[in-house]
Amino acid sequence: MPMEETNMLNLATLRPHHALCALFFEGKGYSQAFVENMTAFVADPHQLLQITPGCDVLCQACPHNINDQCEDEAKVSLFDLRIVNLAGVLFQYSHPTSLNTLCQNAYEEILQQGHLAEVCGECEWARLCQEKWQHGDINRQLLQLDAKDGQPA
């Protein structure tokens with residue numbers, strides 16, 4: 001779908017690396033408004049999203065968002081670039097995709113392949129996410145689960 005048509009659909013947007021953030025979110029964040037926004041976001045794994053290279057629906061409640069620009073834009077753009085390079089076509093900016101499809105792809109192409117630290121190891125939340133990954137503590141409701149055993153497909 002051409003970008004002009006996609007914009008007319010008025011979809012929420014998501015930075016590529018935020019699929020990983022969603023998988024590890026546990027109710028902590030930069031502010032109460034951020035936590036509430038993130039909680040509402042992860043509650044709907046089937047929502048359609050448009051991948052964006054800039055501030056997204058999660059950034060809207062982030063105190064690091066200054067006039068629709070992240071204070072750490074260089075760093076987070078690098079996280080986005082890494083996930084696009086490692087996880088492939090679903091994280092390109094071309095077509096609407098469901099949150100659970102994006103999270104499933106991040107799970108398979110980033111987490112299961114051992115690339116978490118490579119993608120976002122410089123993030124202030126990296127240690128929390130890496131510990132959660134080591135303990136198998138992710139938001140499984142955001143994955144596409146196999147109906148017969150409840151494990152990620």
Of all the accessible heavy-atom surface of the chain, with the other protein chains kept in place and a 1.4 Å probe, what percent is carbon and sulfur?
-> 52
Residues whose placed amide H lies under 5 Å from that of A12, excluding near-sequence neighbours | Q50
Report the extension gain between Q60 and S77 in nm, rounded to one decimal, defined as 0.36 nm multiplied by the number of residues separating them, less their alpha carbon distance.
-> 4.5 nm
At what distance in angstrom do the alpha carbon centres of region 32-59 and region 97-141 lie from each other?
-> 16
Expressed as cubic angstrom per residue, what is the convex hull volume of the alpha carbon set of region 1-126?
-> 102
Averaged per residue, what accessible area in Å² does the chain show with a 1.4 Å probe, protein chains only?
-> 52
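Counting DSSP beta bridges with both partners in the chain, what percentage is antiparallel, nearest 5?
60
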Search the structure for amide H atoms under 5 Å from the amide H of S98, placed 1.01 Å from N in the peptide plane, and list their residues when 5 or more places away or on another chain.
-> L49
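Where does each of 39-52, 122-135, 62-75, 14-27 land if you order them by average Cβ count within 10 Å, highest first? It would help to have the intermediate numbers written out before the result.
Values: 39-52: 16.6, 122-135: 14.3, 62-75: 12.5, 14-27: 22.5.
Final packing ranking: 14-27, 39-52, 122-135, 62-75.
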Computed, not fitted: 222 nm per-residue ellipticity of the chain from DSSP H runs ≥ 4 (each -39500 (n - 2.57)), nearest 500, equal to -11000 deg cm²/dmol
For region 83-90, just list the computed ³J(HN,Hα) in residue order, Karplus coefficients 6.51, -1.76 and 1.60, θ = phi - 60°, integers in Hz, with x standing in for Gly and Pro.
-> 5, 4, 5, 8, 9, x, 4, 4
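The values are calculated or read from the model by the stated rules, or taken from the named source; none is laboratory data. Given the structure is predicted, the values throughout are model-derived calculations rather than measurements. Every residue, glycine among them, receives a Cβ derived from its backbone with ideal geometry; neighbour counts consider all protein chains shown. When the accessible area is computed, the model is the full protein with side chains, heavy atoms only, and any ligands, DNA or RNA have been set aside. Shrake-Rupley method; radii C 1.70, N 1.55, O 1.52, S 1.80 Å.
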